[in-house]
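The values are calculated or read from the model by the stated rules, or taken from the named source; none is laboratory data. What you are looking at is a predicted structure, and each value in this text was computed from that prediction instead of being measured. Heads up, the Cβs are rebuilt from the backbone with ideal geometry, glycines too, and the neighbour counts pull from every protein chain shown.
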Amino acid sequence: MAQSALRGPSDYSSEPPRHPSLRINAKEPFNAEPARRDLAASYITPVDLFFKRNHGPIPILDDIDSYYVTIGGLVGEPRRLSLDDIRKLPKYNVTATLQCAGNRRTEMSRSRKVRGVGWDVCALGNATWGGAKLSDVLQLVCVPYHTEITMAGGKHVEFISVDQCPEEKGGPYRASIPLGQATNPAADVLLAYEMNGEVLKRDHGYPLRAIVPGVIGARSVKWLDKIDIIEEESKGFFMQKDYKMFPPSVDWDNIVWSTRKPQMDYPVQSAVCSLEDKSAVKPGQVTVAGYALSGGGRGIERVDISPDGGKSWIEAHRYQKHDVPYVTSDISCDKWAWVLFKAVVNVKGDTVIVSKAVDSSANVQPESVESIWNLRGILNTCWHRVHLLATP
Ligand code: MTE
Ligand code: MO
């Protein structure tokens with residue numbers, strides 16, 4: 001089948017407008033996150049405040065009549081699907097948090113230098129994504145539910161985009177997930193055309209993107225061009241030479257990329273959003289609020305808040321929608337979404353406030369950033385600390 005002619009722009013002259021309150025971490029490619037208080041203000045993150053994470057210029061795919069996504073690779077008969085074909089499939093709304101693996105990188109780089117765009121604690125957002133399940137789409141090319149390997153030996157599903165990443169990063173952005181996950185309806189992997197009930201915005205993948213719940217944001221490929229069933233994990237730069245977790249002993253002079261697997265699920269995470277890293281407060285009651293989440297569909301069992309740098313702890317109140325208390329085992333909770341938390345602590349003098357979450361498998365955030373330092377500065381999930389300076 002002929003290659004698709006879709007190509008994103010190669011320069012930054014046609015970027016979409018963005019909300020002025022976003023904190024810009026890199027201008028070209030555009031990488032920005034909301035202010036802490038704005039992020040924690042709502043369970044569902046408004047689209048214009050949702051973090052934007054790009055590796056190249058934003059594509060313009062506005063000729064919807066000529067847009068299609070090709071499903072091919074190790075399948076019997078490849079197919080081209082228009083947006084209408086995708087819309088005809090049953091529509092699902094999945095509330096899922098997308099978190100960049102680089103969230104909280106700036107803090108990690110303070111402990112020891114790392115490479116990558118710096119992020120505060122807001123490189124994530126929670127949205128309701130509307131679209132077709134990938135498991136239904138793959139049935140159109142005769143790959144049934146719960147297939148781990150196709151007759152032709154396909155074991156992974158690769159998403160290929162149209163954005164032109166820098167030459168050394170291998171052209172269009174691409175990433176893959178295991179076929180078993182892609183064909184499992186319960187994994188809720190979507191080909192999404194809506195975000196929070198509106199048509200996807202260009203920044204977030206218009207007209208069609210993958211949403212892979214519970215997995216680092218890098219696998220939720222935007223601006224889909226092709227979906228291929230392949231034998232091995234994608235050879236794309238962002239699968240093989242990036243977004244891998246290395247131990248603290250590995251640095252740029254001794255790194256061997258092939259020794260590690262591409263990162264998929266993310267670990268348990270939390271951060272305080274009601275306070276900045278250094279906040280001046282009046283002694284008395286201080287509200288500590290923020291988010292907690294874990295990967296792989298694991299819920300948040302507990303969020304502990306320390307008013308004194310980790311010597312003593314209280315348990316925070318957790319909630320998702322409408323302030324209803326969140327219970328990990330309650331199936332009406334959004335399993336792929338963050339929980340927000342709130343606690344009130346009594347502050348007498350200068351102190352350090354800590355947040356630490358525990359997920360449904362009893363995984364706990366590590367205490368120190370040094371123990372999880374890695375040269376690319378990914379998955380900083382250490383205890384989140386904010387310093388309070390008591391004002392007279
Ligand atoms: N898809 C394409 N085509 N190009 C990209 O640069 N960035 C990835 C992922 N999908 C990216 C992409 C990364 S690293 C993240 S964290 C998420 O998109 C961010 O999605 P968002 O910009 O909608 O918040
Ligand atoms: Mo990311």
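Tabulated results
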quantity	calculated
Yes/no for Lys241 being within 16 Å of ligand 2 (Cβ to nearest atom), farther than 30 Å from Ser355 by Cβ, basic (Lys, Arg) and surrounded by fewer than 18 Cβ atoms within 10 Å (Cβ to Cβ)	yes
Residues of segment 255-270 that turn out to be more than 16 Å from ligand 1 (Cβ to nearest atom) and under 26 Å from His55 (Cβ atoms), as a count	7
Lone unmet requirement of (1) surrounded by 22 or more Cβ atoms within 10 Å (Cβ to Cβ); (2) more than 17 Å from Ala337 (Cα to Cα); (3) of a type outside the set (Ser, Thr, Tyr) for Ile211	(2)
Condition broken by Val189, with the remaining ones in (1) more than 15 Å from ligand 2 (Cβ to nearest atom); (2) more than 30 Å from Glu77 (Cβ to Cβ); (3) buried (at least 18 other Cβ atoms within 10 Å of the Cβ); (4) not basic (Lys, Arg) satisfied	(2)
Hey, Asn196 among the polar types (S, T, N, Q) and without any contact (Cβ under 8 Å) to a residue 60 or more places away in the chain or not	no
Close pairs from segment 92-104: first touching a residue at least 40 places away in the same chain (Cβ under 8 Å) and in a loop (DSSP other than H, G, I, E, B), partner within 13 Å of ligand 2 (Cβ to nearest atom) and hydroxyl-bearing (Ser, Thr, Tyr), Cβ under 6 Å, at least 6 apart	Ala101/Tyr243
Residue match in segment 220-234 (condition: under 23 Å from Asp48 (Cα atoms) and either surrounded by fewer than 22 Cβ atoms within 10 Å (Cβ to Cβ) or over 18 Å from the mean Cα position of the chain (by Cα) (or both))	no
Boolean, Val221 is under 16 Å from Arg7 (Cβ atoms), among the aliphatic types (A, V, I, L, M) and either assigned to a loop (DSSP other than H, G, I, E, B) or away from ligand 1 (no atom under 13 Å from the Cβ) (or both)	yes
Checking Asn93 against (1) at pLDDT below 95; (2) surrounded by fewer than 17 Cβ atoms within 10 Å (Cβ to Cβ); (3) farther than 30 Å from Ala152 by Cβ, the condition it does not meet	(1)
Unique residue being under 14 Å from the mean Cα position of the chain (by Cα) and within 16 Å of ligand 1 (Cβ to nearest atom) when the list is Gly102, Gly116, Gly56	Gly102
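A quick yes/no check of all residues on (1) in a loop (DSSP other than H, G, I, E, B); (2) surrounded by 14 or more Cβ atoms within 10 Å (Cβ to Cβ); (3) more than 16 Å from ligand 2 (Cβ to nearest atom):
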site: Gly8; (1), (2), (3): yes, yes, yes
site: Ser13; (1), (2), (3): yes, no, yes
site: Asn25; (1), (2), (3): no, yes, no
site: Asp38; (1), (2), (3): no, yes, yes
site: Gly56; (1), (2), (3): yes, yes, no
site: Ile60; (1), (2), (3): yes, yes, yes
site: Val69; (1), (2), (3): no, yes, yes
site: Val75; (1), (2), (3): yes, yes, yes
site: Arg80; (1), (2), (3): no, no, yes
